[in-house]
Amino acid sequence: MSKEKLIDVKNLATYFHTEEGTVKAVDGVSFEIYPGETLGVVGESGCGKSVTSLSIMRLIESPPGKIETGEIIFDNKDLTKSTQKEMRKIRGNDISMIFQEPMTSLNPVYTVGDQIMEAILIHKDVNKKQARQESIDMLTKVGIPLPEQRVDEYPHQLSGGMRQRVMIAMALSCDPQLLIADEPTTALDVTIQAQILELMNGLKDQFGMAIMMITHDLGVIAEVSDRVAVMYAGKIVEYTDVETLYANPKHPYTWGLMHSIPHIEKDVDRLQAIPGSVPNPLDFPQGCKYNTRCPFATDKCREVEPEIEEIEESHQVACWHVDKLEEAKAKEKKEKEKE
Amino acid sequence: MTEERLLEIKNLKKYFPVKAGVFRRTVAHVKAVDDISFHINKGETLGLVGESGCGKSTAGRTILRLLEATEGEITFEGHNLLELDKRELREMRKEMQIIFQDPYASLNPRMTVADIVGEPIDIHGLAANKKERNERVTEILDTVGLGTEYMKRYPHEFSGGQRQRIGVARALAVDPSLIIADEPVSALDVSIQAQVINLLQDLQKDFSLTYLFIAHDLSVVKHISDRVAVMYLGKLVEVADKQKLFDDPKHPYTQSLLSAIPVADPTYKSDRIILEGDVPSPVNPPSGCRFHPRCPYAMEICSEVEPEYKDYGEGHYAACHLLEQE
Amino acid sequence: MEWQEVLINLLRNKISLLGIFIILFFVIIAVFAPWIAPPASPRDPYMIPRAGWSPQPKPPNEEHIFGTSENQYDIFYGIIWGTRTAFRVGLIVVGISTFIGITIGTISAFYGGMVDEVMMRVTDIFLSMPFLVAAIVLTTILGKGLDNVMIALVTFGWMSTARLMRSQVLEIKTEEFVEAAEALGASDMRIIMRHVLLNTIFPVVINASMRMGSIVITASSLSFLGVGAPTGYADWGQMISFSRNWILGTQGNALQFWYTVVFPGVAITLFCLSWNLVGDAFRDILDPKLQN
């Protein structure tokens with residue numbers, strides 16, 4: 001992996017100032033994406049994963065949202081300081097995005113071709129005919145059968161999987177360096193999800209772009225990511241490469257999450273559920289935000305919030321009690337051996 | 001496990017008319033459920049899986065007669081449900097309950113938790129007076145892990161997981177023997193899903209419940225079910241014991257479905273069968289075997305003759321021409 | 001949102017508060033009418049006392065503070081006792097027609113199929129008749145009188161509610177909690193009362209509140225056209241119809257008889273406005289899309 005960072009997010013904080021109070025949707029996250037890699041961002045609803053990506057795109061609705069602090073360095077520029085005009089040049093051209101629900105992100109009154117062409121015409125110096133040809137090429141690349149015909153169809157004439165392919169074609173039409181995919185397969189069936197993930201992996205190599213993959217699905221993350229950031233309540237709690245994360249999770253939340261999902265490849269009698277529920281963003285607990293649900297929480301956790309720090313090489317964790325989790329893991333291992 | 005059958009479905013069909021034109025004439029049918037047969041034993045969990053639009057939810061609702069079946073037979077504890085009149089059916093509903101997918105839409109926003117959970121008690125006259133009713137509601141809420149301090153609150157004050165517990169409590173209030181759970185965890189956060197799954201498993205033990213567990217998430221179905229049924233485009237393609245189905249899937253659709261699941265382990269490399277194309281429309285399903293346009297092993301016969309759904313030994317049912325030839 | 005919350009919001013909203021104040025003001029006038037304008041003959045208080053027989057209106061004076069109208073009917077007395085008439089017509093007509101509309105709309109949507117088809121075609125037939133003309137014809141057939149006006153207004157006034165209710169119920173009917181109630185074995189009646197109506201009634205209430213004002217205007221129009229209340233009955237519409245010949249004054253003094261139009265006009269406008277204000281505020285509070 002090259003050492004040159006494609007995008008460098010430093011201490012990003014995005015708050016929403018609502019009538020009921022301030023929602024600290026993203027509260028000081030730092031990560032980087034290298035060219036050609038896939039960074040997985042995993043977390044539950046309200047953890048701030050989508051807001052993070054919208055902040056990078058500067059698509060936070062303001063008011064009520066506001067990027068409070070931090071830098072997003074892309075191409076030697078700080079995107080948090082860019083004007084909307086500059087951002088328009090970057091969006092869809094250097095960084096593009098695909099969303100969970102392809103139906104709502106496509107305009108129902110324009111044909112598929114019109115919508116792909118629009119992106120091409122904005123960012124590239126081509127005429128209409130060339131743009132149309134490029135659209136057809138893009139549809140071919142994303143595996144849409146009969147592209148010459150499909151290009152003149154409307155979004156509602158396509159199935160969910162096909163729509164997501166169109167979205168990907170649109171996003172890739174200007175050869176971006178970074179593709180942000182926000183739960184791109186959540187609304188799709190498993191067999192279609194498999195198609196789309198395979199397609200994205202193939203296109204990533206073909207286009208040489210980086211992907212920021214946002215999802216709640218630990219399976220999808222394991223499948224596509226090189227490195228993973230686990231988010232909880234507006235913070236990154238664990239950040240490392242994918243093999244390390246799954247083999248050796250160091251944050252109690254990551255560990256709990258992995259134990260709470262049923263695994264297709266191994267059977268357990270009972271899932272180890274994480275107690276309680278995701279805290280209300282208007283009313284986050286003091287100290288470590290996971291302390292209300294963590295089995296290892298101590299008074300320290302309830303008072304002081306741990307900073308994320310590197311505990312092993314390229315393995316960052318935000319937890320006061322990494323040792324306690326290791327003890328629990330050792331105990332679990334012993335019990336398994338006894339059986 | 002006793003092999004006593006609680007529910008037996010025979011040749012169940014549910015067609016929805018497609019109307020068009022000025023006179024709203026029926027021009028076609030959506031064959032949402034098209035001739036399926038299976039049974040559920042007392043005390044077991046049958047997982048019903050399939051992709052969206054395969055008819056699994058319709059099947060669940062038709063069994064409960066929330067939708068009227070087009071044809072078929074549903075035998076529940078010796079009664080043919082389709083022959084019951086309205087009053088008998090209402091009485092019978094005490095025995096069969098449903099848990100819904102969407103914990104937001106399935107609770108009346110203008111009723112308190114006490115009234116939501118108390119409603120089945122009122123309907124079936126299960127409490128002699130108000131005091132008894134309240135005691136019963138408290139007891140049920142306690143069973144599903146909700147404190148009594150919540151009784152006077154409205155659904156919007158709860159999180160998704162808590163709402164789903166309220167939905168479970170409501171189903172439990174009539175002390176049913178069968179619960180149809182229609183994607184009960186798929187709308188919930190990952191960390192909450194396990195809570196509800198564990199709750200359902202505990203309740204099954206404590207109240208000797210039988211579940212029909214409808215879901216699209218195969219890992220969840222594998223975890224909770226004893227047997228699993230796979231649906232594709234309104235048809236059952238395979239039914240078997242959980243272990244048999246996951247270790248030795250016979251139908252090519254089941255095989256590709258299983259291989260498509262993303263595994264939460266980066267070192268795991270599966271031989272993925274990527275299916276071509278999309279699920280066809282149930283209005284005009286493919287001839288012969290409905291899976292043949294996407295099937296990697298399709299033969300000539302597959303597009304002509306519908307394969308027979310039959311037992312390939314020890315209750316491993318499947319419908320595929322490949323198996324017949326073996 | 002719950003009833004109490006809605007009420008609190010209504011009282012917090014400045015516009016609806018203004019509306020509520022005006023309505024309260026009219027209520028007080030209606031209740032205390034016998035003291036504000038003591039009737040000449042207690043047996044028939046709704047008949048406006050006459051101060052003479054001259055056809056020409058007389059301007060406000062000490063005895064008749066709002067003046068007198070054509071044929072010397074006391075305008076002040078007519079306005080005060082007309083308030084009672086307005087409330088009576090409004091509440092009865094809106095109440096009964098809303099009830100009919102809710103019943104028809106709910107049954108139609110809930111049961112669907114042929115029931116729906118028949119009921120909606122009947123509704124269409126009623127809707128196809130021009131409201132005012134139909135009401136005039138029916139009143140003429142039934143004969144002059146306030147009761148007959150109300151019958152006519154109810155007969156041709158329930159359709160919009162039925163339509164509104166039907167679309168509301170169609171939407172709610174497919175909600176999972178309705179299905180859940182059915183799965184619990186709830187009877188149709190119970191499902192309709194506890195699940196469907198409870199979640200559909202608000203827009204109808206808003207609609208009814210708006211119609212309170214418009215019904216009074218319609219009743220007034222009928223009176224103005226001469227098919228309403230009997231001559232001399234305390235009714236705002238009739239008060240305006242008295243001014244029909246006096247809207248323009250004599251040459252060089254166009255506004256000579258302003259009082260014959262202005263007082264009853266202001267009464268009707270304020271009454272109508274207040275209900276609309278409350279209805280509007282109601283809608284703003286209940287429309288979740290406007291809430292954020």
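The values are calculated or read from the model by the stated rules, or taken from the named source; none is laboratory data. Because the structure is predicted, anything quoted here is derived from the model rather than measured. Cβ: placed from backbone, ideal geometry, glycine included. Neighbour counts: every protein chain shown. Heads up: the accessible areas ignore ligands, DNA and RNA and are worked out on the full protein's heavy atoms, side chains in. Shrake-Rupley method; radii C 1.70, N 1.55, O 1.52, S 1.80 Å.
Summary of values
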item	result
Region B:17-135 - Debye-derived log10 I(q)/I(0), Cα point model, q = 0.23 Å⁻¹	-1.38
Region C:3-291 - percent relative contact order, Cα under 8 Å, separation 6 or more	27
C:VAL27 paired with A:GLU312, simple spin-label distance in nm, labels 7 Å along Cα-to-beta-carbon	7.3
The protein assembly as shown, helix-only ellipticity at 222 nm - DSSP H runs n ≥ 4, -39,500 (n - 2.57), divided by all residues, nearest 500	-13500 deg cm²/dmol
Stokes-Einstein D in µm²/s, Kirkwood radius over Cα pairs - region B:1-61 at 10 °C with 1.306 mPa s viscosity	116
Built amide H within the under 5 Å cut-off of B:ASN41, gap 5+	B:LEU6
Values of log10 I(q)/I(0), in the order q = 0.19, 0.21 Å⁻¹, for region A:57-213 under a Debye, Cα-only, solvent-free model	-1.24, -1.43
Length gained when the stretch A:THR140-A:GLN286 is fully extended (0.36 nm per residue, less Cα-Cα span)	47.4 nm
Kirkwood hydrodynamic radius of region C:3-291, Cα pairs, Å	21.0
Accessible area buried, both sides summed, chains B and A with 1.4 Å probe, Å²	3400
Positive dipole terminus of chain B, leading residue within B:TYR15, B:HIS292, B:VAL221 (C-beta point charges)	B:TYR15
FRET efficiency, B:ASN134 to B:GLU276 (Cβ-Cβ, R0 56 Å, nearest 0.05)	0.45
Listed residue pairs exceeding 27 Å between alpha carbons, taken from A:LYS10/A:LYS124; A:LYS85/A:LYS128; B:LYS13/B:LYS42; A:LYS266/A:LYS338	A:LYS10/A:LYS124
Overall Cα dimensions of region A:139-279, principal axis frame, Å, largest first	52, 31, 30
Folded to 0 to 90 degrees: helix C:146-155 orientation relative to chain C principal axis, Cα	30
Members of region B:273-306 that become less accessible by 30 Å² or more once partner protein chains are added (1.4 angstrom probe, chain alone as reference)	B:ILE274, B:LEU275, B:ASP278
Protein accessible area in region C:3-291, 1.4 Å probe - carbon and sulfur %	68
Distribution of pairwise C-alpha distances over the protein assembly as shown, 20 Å bins, in %	11, 34, 33, 16, 6, 0
Using a Förster distance of 45 Å, the FRET efficiency for C:LEU170-A:GLU198 (Cβ separation, nearest 0.05)	0.60
Along principal axes, Cα extents of chain A, largest first, whole Å	67, 47, 41
Residue list for region B:238-260, given a label point 7 angstrom along the Cα-to-Cβ vector of B:ASP311 and an amide N cut-off under 14 Å	B:239-241
Gap separating the Cα centres of region B:290-325 and region B:1-60, nearest whole Å	20
Length-normalised contact order for region B:71-174 - Cα pairs under 8 Å, 6+ apart - percent	35
Stokes-Einstein translational diffusion, region C:38-101 - Kirkwood Rh over all Cα pairs, 0.692 mPa s, 37 °C, in µm²/s	248
Pairwise Cα inverse-distance average, inverted: Kirkwood Rh of chain B (Å)	21.1
Partner chain coverage, peptide C:5-13 - average Cβ within 10 angstrom	0
For chain B, the longest site-free run once trypsin sites (Lys or Arg not before Pro) in DSSP loop states with at most 13 other Cβ atoms within 10 Å are removed	B:25-151
Coordinate range along principal axes, alpha carbons of region C:62-159, Å, largest first	66, 24, 17
Chymotrypsin sites (Phe, Trp or Tyr not before Pro), loop per DSSP, at most 14 other Cβ atoms within 10 Å - longest free stretch of chain B	B:24-296
Cα-based equivalent ellipsoid, region A:55-130: semi-axes from gyration tensor eigenvalues, Å	27, 17, 10
Around A:ASN291: net Lys/Arg minus Asp/Glu count, Cβ-Cβ under 14 Å	+2
Selected from C:ALA254, C:TRP275, C:ILE22, residue furthest toward positive end of dipole (region C:3-291; charges at beta carbon)	C:ALA254
Computed label-point distance, nm, for sites B:GLU68 and B:GLU324 using a 7 Å Cα→Cβ extension	3.5
Segment A:THR298-A:LYS77, extension gain: residue separation times 0.36 nm, minus the distance between their alpha carbons	75.4 nm
Within region A:247-339: Cβ-based charge dipole about Cα centre, in debye rounded to nearest 20 (Lys, Arg +1; Asp, Glu -1)	380
Convex hull volume per residue in cubic angstrom - Cα atoms of region A:1-63	86
Sequence-separation-based contact order of chain A, relative, with Cα cut under 8 Å and 6+ spacing, percent	19
Listed residues C:ASN61, C:ASN71, C:ASN207, most fluctuating in chain C (Gaussian network, C-alpha, under 10 Å)	C:ASN61
Leading residue at positive end of dipole, region C:3-291 (Cβ point charges), from C:ILE104, C:TRP158, C:ALA229	C:ALA229
Total charge dipole magnitude, the protein assembly as shown, about the Cα centre, Cβ charges on Lys, Arg, Asp, Glu only, Debye to nearest 20	3840
Only Lys, Arg (+1) and Asp, Glu (-1) charged, at Cβ; region C:21-146 dipole about Cα centre in debye	200
In nm, spacing of pseudo-spin labels at B:HIS79 and B:GLU3 (7 Å Cα→C-beta vector)	2.8
FRET E, pair C:ALA134, C:VAL205, Förster distance 25 Å, beta-carbon r, rounded to 0.05	0.45
Label-reachable residues, region A:48-77, where backbone N falls under 17 Å from a point 7 Å from A:GLU86's Cα toward its Cβ	A:55-60, A:67-77
Centroid-to-centroid separation of region A:41-55 and region B:213-239 [C-alpha atoms, Å]	31
Residue pairs, from the table B:LYS250/C:LYS173; A:LYS49/A:LYS334; A:LYS49/C:LYS173; B:LYS31/B:LYS86; A:LYS77/A:LYS250, whose Cα atoms sit over 30 Å apart	B:LYS250/C:LYS173; A:LYS49/A:LYS334; A:LYS49/C:LYS173; A:LYS77/A:LYS250
Accessible area per residue, Å², the protein assembly as shown with all protein chains present, probe 1.4 Å	45
